[in-house]
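Asks: One structure follows; several queries about it will come next.
The values are calculated or read from the model by the stated rules, or taken from the named source; none is laboratory data. Not measured: the values here are computed from a predicted model. No Cβ is skipped: glycine too gets one built from the backbone with ideal geometry, and neighbour counts run over all protein chains shown. Please note that ligands, DNA and RNA were not included when accessible areas were found on the heavy atoms of the full protein model with its side chains. Shrake-Rupley method; radii C 1.70, N 1.55, O 1.52, S 1.80 Å.
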Amino acid sequence: MMSKSKFLITIFSGLFLLLLGIQTYFIYKTYLVREREIYKEVSLKLEDYTIQLAKKRGDDNAQRKLFIGLNSNRISKQQFLDTFEKNRKSTTNQISNYVDHAFKKENYKIALRVRYISIIFAPTGNKLIEEPIIIFQTRNKVSKPRLSNFGTWETSNNSETFVIQRETDLQILNIKSIVFRELALLILCCIALLAGVLVLYIFTTKNLIRQQKLVEVLHTAVDNISHEFKTPIATLKVASKALKKEWNPETLPLIDRQISRLESLMFQLHKDEIPNELLPVRPEDWDFFVQDLTFTYTQTNFKLENKVMHQLPFDKNLMETVLKNLCENSVKYGSSAVQVKILSSQQNLEIIVKDNGQGIERKELKNIFEKFYRIQSNNIHNTKGLGLGLYFVQKITKKYKGTIEVTSQPKEGTTFKINMPYEN
């Protein structure tokens with residue numbers, strides 16, 4: 001069952017990671033598509049404007065004179081560059097205002113740059129510039145252009161022809177926030193879907209684990225239920241045989257006690273509660289409890305020391321459960337001799353059960369009173385039971401605000417000491 005659960009968990013984890021990967025890839029591709037669409041829309045809207053600006057500069061007589069002057073060395077390269085720098089600064093505000101107004105509704109923060117990347121004197125093939133020259137630029141600077149367009153044209157005056165290659169760079173500085181804002185609903189839906197699948201899986205897994213534990217407890221109870229009733233049933237069988245052989249006046253009271261014992265066990269197993277009806281325990285009842293054990297477990301030597309001289313305000317059935325559960329537990333774990341002491345002094349009942357059985361490991365002592373807990377050191381196949389005996393002992397003791405002390409040595413035996421206060 002556990003291996004199957006681990007296999008299913010592994011399969012789900014793999015499928016969940018696959019779904020997460022698919023969703024992430026889907027969102028990423030959607031982001032790229034939408035980003036390309038936005039750049040295409042912006043580029044188309046600015047294309048005519050940038051071409052007109054570039055051609056205007058390219059056809060400008062003053063600019064052509066600059067090309068001729070630089071080519072004939074009548075002006076220096078620095079003067080040539082300073083002229084373009086001056087023109088660029090004079091048009092920056094105009095271009096920026098146009099771009100900002102054109103995309104004010106979309107709230108795009110656009111950086112635009114137009115450069116001459118090559119100026120060649122056609123007749124000789126002489127290159128006038130070694131590096132690109134910025135001719136137009138917005139106030140927002142282009143750092144990493146995401147879209148670049150190229151164009152080439154000629155400007156000439158008689159025999160002097162110049163070939164100019166232009167590059168237009170575009171960058172939307174807030175493109176990520178814009179696209180993610182548009183995809184926010186899609187992203188939230190994907191996250192909600194993944195979270196829902198994960199929560200449903202966790203909830204289902206917890207329920208399966210809880211159900212699995214309940215099933216295991218049920219199987220344990222079904223497998224061992226007959227043994228829990230072995231003592232009273234065996235005692236009744238022995239008593240029945242004894243009656244068939246000869247009449248014994250002590251046998252009928254023994255049968256009555258065992259029937260009451262069976263009723264008490266059934267009540268505990270089915271209702272898991274302590275009965276409220278009080279039948280006070282008498283001094284002789286302790287003797288009967290041990291006599292029943294002696295009658296049933298003939299191979300075990302029970303020795304009783306009963307110092308109780310008066311009736312005590314404890315439920316008789318509960319006290320029988322405490323004493324017999326402790327003694328039967330000793331028998332189950334190999335005791336050949338069990339010493340029982342019942343003491344009453346200063347409004348305090350003390351029950352001491354000492355055996356010479358297998359003992360309990362120190363690490364087990366803190367768990368022995370847990371419901372359904374079985375000692376791990378001795379194989380369950382050798383020691384049958386539901387693991388309810390000591391649980392009921394502790395529950396009854398707590399009902400009367402008592403305490404339990406346990407001392408044990410492996411292979412030497414165990415001693416249970418119970419103290420319960422009372423008022424007359």
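Asks: Can you name the condition, by its number, that residue 43 falls short on among (1) over 30 Å from residue 159 (Cβ atoms); (2) touching a Lys or Arg at 6+ places or on another chain (Cβ under 7 Å); (3) among the hydroxyl-bearing types (Ser, Thr, Tyr)?
Replies: So the condition that residue 43 fails would be (2).
Asks: Let me ask something else. Count, please, the residues in the stretch 110-126 that happen to be exposed (fewer than 12 other Cβ atoms within 10 Å of the Cβ) and either farther than 13 Å from residue 154 by Cβ or of a type in the set (Val, Ile, Thr) (or both).
Replies: 2
Asks: Name every residue in the stretch 57-85 that is surrounded by 13 or more Cβ atoms within 10 Å (Cβ to Cβ) and modelled with pLDDT under 80, in order of residue number.
Replies: 57, 58, 60, 63, 64 - these are the residues of the stretch 57-85 that are surrounded by 13 or more Cβ atoms within 10 Å (Cβ to Cβ) and modelled with pLDDT under 80.
Asks: Looking at 47, 41 in this structure, which one is closer than 30 Å to residue 95 by Cβ, among the acidic types (Asp, Glu) and either open to solvent by less than 80 Å² (accessible area, probe 1.4 Å) or touching a residue at least 40 places away in the same chain (Cβ under 8 Å) (or both)?
Replies: Selected residue: 47, the only one of 47, 41 that is closer than 30 Å to residue 95 by Cβ, among the acidic types (Asp, Glu) and either open to solvent by less than 80 Å² (accessible area, probe 1.4 Å) or touching a residue at least 40 places away in the same chain (Cβ under 8 Å) (or both).
Asks: Mind counting the residues in the stretch 365-374 that are surrounded by fewer than 20 Cβ atoms within 10 Å (Cβ to Cβ) and either under 14 Å from residue 409 (Cβ atoms) or of a type in the set (A, V, I, L, M, F, W, C) (or both)?
Replies: Looking only at that region, the number is 3.
Asks: Considering only the stretch 12-37, state which residues are open to solvent by less than 80 Å² (accessible area, probe 1.4 Å) and within 19 Å of the chain's Cα centre (by Cα).
Replies: Matches in the stretch 12-37: 12, 13, 14, 16, 19, 20.
Asks: Can you list residue pairs whose Cβ atoms sit under 9 Å apart, with the first residue in the stretch 163-186 being without any contact (Cβ under 8 Å) to a residue 40 or more places away in the chain and the second being part of a helix (DSSP H, G or I)? Count only pairs 6 or more apart in sequence or on different chains.
Replies: Once the first residue is without any contact (Cβ under 8 Å) to a residue 40 or more places away in the chain and sits in the stretch 163-186, its partners that are part of a helix (DSSP H, G or I) give 176/31; 176/35.
Asks: Taking residue 369, is it modelled with pLDDT of 85 or more and among the aromatic types (Phe, Trp, Tyr)?
Replies: no
Asks: Sticking with this one: Could you tell me which of the residues 412, 423 is touching a Pro at 6+ places or on another chain (Cβ under 9 Å), open to solvent by 20 Å² or more (accessible area, probe 1.4 Å) and either at pLDDT below 90 or of a type in the set (Asp, Glu) (or both)?
Replies: Every option except 423 fails the conditions.
Asks: Mind checking whether some residue in the stretch 331-343 is of a type in the set (S, T, N, Q), without any contact (Cβ under 8 Å) to a residue 40 or more places away in the chain, surrounded by fewer than 17 Cβ atoms within 10 Å (Cβ to Cβ) and closer than 23 Å to residue 422 by Cα?
Replies: No, every residue in the stretch 331-343 fails to be of a type in the set (S, T, N, Q), without any contact (Cβ under 8 Å) to a residue 40 or more places away in the chain, surrounded by fewer than 17 Cβ atoms within 10 Å (Cβ to Cβ) and closer than 23 Å to residue 422 by Cα.
Asks: Let me ask something else. Against the condition open to solvent by less than 70 Å² (accessible area, probe 1.4 Å), closer than 21 Å to residue 167 by Cβ and in a loop (DSSP other than H, G, I, E, B), how does residue 129 come out, does it pass?
Replies: Yes: the conditions hold for residue 129.
Asks: Then there's this: Only residues that are charged (D, E, K, R) and over 14 Å from residue 408 (Cα atoms): list them for the stretch 334-364, please. Steps first, answer last, please.
Replies: Kept after step one, since they are charged (D, E, K, R), are these residues of the stretch 334-364: 341, 350, 354-355, 361-364.
Within the stretch 334-364, 341, 350 meet the criteria.
Asks: Quick check on the stretch 88-104. Is at least one of its residues assigned to a loop (DSSP other than H, G, I, E, B) and either closer than 29 Å to residue 75 by Cα or in contact (Cβ under 8 Å) with a residue 60 or more places away in the chain (or both)?
Replies: yes
Asks: Then there is this: Inspect all residues belonging to the stretch 263-282 and state whether any of them is modelled with pLDDT of 80 or more and either over 26 Å from residue 419 (Cβ atoms) or open to solvent by less than 90 Å² (accessible area, probe 1.4 Å) (or both).
Replies: yes
Asks: A follow-up question, please. Say we look at the stretch 344-363 and pick out the residues that are acidic (Asp, Glu) and surrounded by fewer than 20 Cβ atoms within 10 Å (Cβ to Cβ); which of these is farthest from residue 423 (Cα to Cα)?
Replies: Among those that are acidic (Asp, Glu) and surrounded by fewer than 20 Cβ atoms within 10 Å (Cβ to Cβ), it is 361.
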